[in-house]
Amino acid sequence: MKKIIILFVLISFYGCLKEDRFPFSEKNNILSFTLPGQASATIINKDSLSINISFASGVDITSLIPSGVTINNLASISPDTTLAQDFSVPVNYKVTAENGTSADWTVYVEIQGSEPQLANSDFNLWYSAGNYQQPGESAESSFWDTANKPLAIVTSPNTNPEERSEGDLYANMVTIAAPALVRIAAATIYTGVFTDGAPSVTDPRSNIAFGTPFVGTPVSFSTEYQYTPGESYEDAQGNVLPGNDNCDIYVLLQLVDENDPSDVQRVATAWFRSGETVVDWTTITSDFIYGELPAGSPEYMQPITPEIWAPAGSVANQITVVYSSSALGDSFTGAIGSELNADNFVLNY
């Protein structure tokens with residue numbers, strides 16, 4: 001019996017070794033690439049093997065050490081990404097796969113000017129992620145995200161592109177009945193990424209890493225929207241509440257420690273929350289308040305731990321933009337059928 005067990009273990013070991021080790025990996029992609037102080041999110045294009053990064057005017061880009069580079073497992077990259085490079089000219093990196101094949105990537109840095117905007121803020125670009133759509137040209141180049149990924153596993157996604165006119169798309173968000181455990185699933189589109197791992201049914205925010213790199217000092221934001229609240233506004237237990245569901249649109253300018261992403265400080269705040277039915281496309285503009293919010297400001301826009309207020313005069317290096325069809329959807333309060341349409345997000349200077 002002992003010999004049989006040993007033989008089984010050896011067969012299993014060599015079987016796994018063969019499956020896991022051979023053939024050698026041919027993947028030679030750069031998966032992420034960031035530079036300290038960049039003004040907006042990195043755009044990675046696998047087809048052209050190019051990386052595009054924007055900086056605000058006046059920033060010295062002649063000697064920068066990349067602050068975050070990831071490549072495929074078992075691949076290598078040259079030159080060493082811990083060495084400073086002059087990014088005022090295109091910089092080439094060679095990524096070599098485990099099987100020896102290589103790809104020559106080029107990093108292009110552009111000086112964007114003093115009034116940066118967010119890419120794809122007209123929501124015209126969407127890509128297929130299997131059985132649902134996501135905002136952006138590709139998964140590698142997008143910093144807009146949704147909660148479609150976990151929803152698509154058990155039900156239909158609730159944030160989708162819709163056509164406003166030929167070739168002009170917008171984001172359609174609908175609060176739906178949740179498939180299990182919780183009452184509703186609010187729809188949202190935001191800057192950031194839905195993290196890996198099992199979705200939390202008690203704290204949906206814990207599944208999202210909000211924000212994308214940004215350097216700028218806008219005075220307000222504008223966006224076009226339509227909103228129709230659902231018929232029955234209820235709490236997480238299904239108790240009917242007075243009033244209507246509300247849509248939520250807010251923007252946070254933040255200062256994040258590059259060595260500790262959990263160290264987040266709030267630089268400025270702008271928001272819009274309303275339960276009014278708006279049938280026609282309407283443009284709203286909301287001013288940024290820099291520094292701590294004045295007395296009388298709504299509690300829901302105060303920093304949530306571990307975020308704290310930034311010292312006066314701080315300059316943001318990250319922006320968080322959030323649209324939601326139900327303002328209290330993260331606590332499963334809202335109305336099934338609440339529908340928010342969003343288009344043309346603009347930062348005003």
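Just so you know, all these numbers are worked out from the coordinates, no wet-lab data involved. Source: prediction; values computed, not measured. Reconstructed Cβ throughout: ideal geometry from the backbone, glycine too, with neighbour counts over all protein chains shown.
Expressed in Å, the radius of gyration and Dmax of the Cα atoms of the stretch 295-340 are 14.4, 42.
Counting neighbouring Cβ atoms within 10 Å and putting the fewest first, the residues Ile71, Ile289 line up as Ile289, Ile71.
State the number of lysine pairs found in the chain whose Cα atoms come within less than 23 Å, restricting to pairs 8 or more positions apart or on distinct chains. Intermediate results must be reported in sequence, preceding the final value.
Details: Lys3/Lys18; Lys18/Lys27; Lys27/Lys46; Lys27/Lys94; Lys46/Lys94; Lys46/Lys149.
Going through the chain pair by pair, I get 6.
Take each of the peptides 105-115, 72-82, 215-225, average the number of other beta-carbon atoms within 10 Å over its residues, and list them starting from the highest.
On the way: 105-115: 16.5, 72-82: 13.6, 215-225: 18.5.
Per-residue Cβ counts within 10 Å, averaged per peptide and sorted highest first, yield 215-225, 105-115, 72-82.
Each residue of the stretch 173-183 is assigned a 3J(HN,Hα), and the resulting list reads 10, 10, 6, 10, 5, 6, x, 6, 6, 10, 7 Hz, derived from the Karplus form 6.51 cos²θ - 1.76 cosθ + 1.60 (θ = phi - 60°), x at Gly and Pro. Here, the stretch 30-111 has an Rg and a Dmax of 12.4, 43 Å when only alpha carbons are counted.
Which FRET efficiency, nearest 0.05, do Ile304 and Ala209 yield, Cβ-Cβ r, R0 22 Å?
Working: r = 14 Å, r/R0 = 0.64.
Efficiency, from the Cβ-Cβ distance: 0.95.
The sum of -39500 (n - 2.57) across all DSSP H runs of n ≥ 4, divided by the residue count of the chain, sets its helix-only mean residue ellipticity at 222 nm to -2500 deg cm²/dmol.
Under a 5 Å amide H cut-off, with hydrogens placed 1.01 Å from N, Phe55 pairs with Ala39, Glu110, Ile111, Gln112 among residues at least 5 apart or on other chains.
Computed over the alpha-carbon atoms, the stretch 126-348 gives an Rg to Rh ratio of 0.94, Rh here being the Kirkwood radius from the mean inverse distance.
Scoring 153-160, 28-35 by mean Cβ neighbours within 10 Å over their residues and listing the highest first yields 28-35, 153-160.
If you take every DSSP beta bridge fully contained in the chain, what fraction is antiparallel? Give it as a percent rounded to 5.
Working: 80 of 88 bridges.
So the antiparallel bridges amount to about 90 percent of the total.
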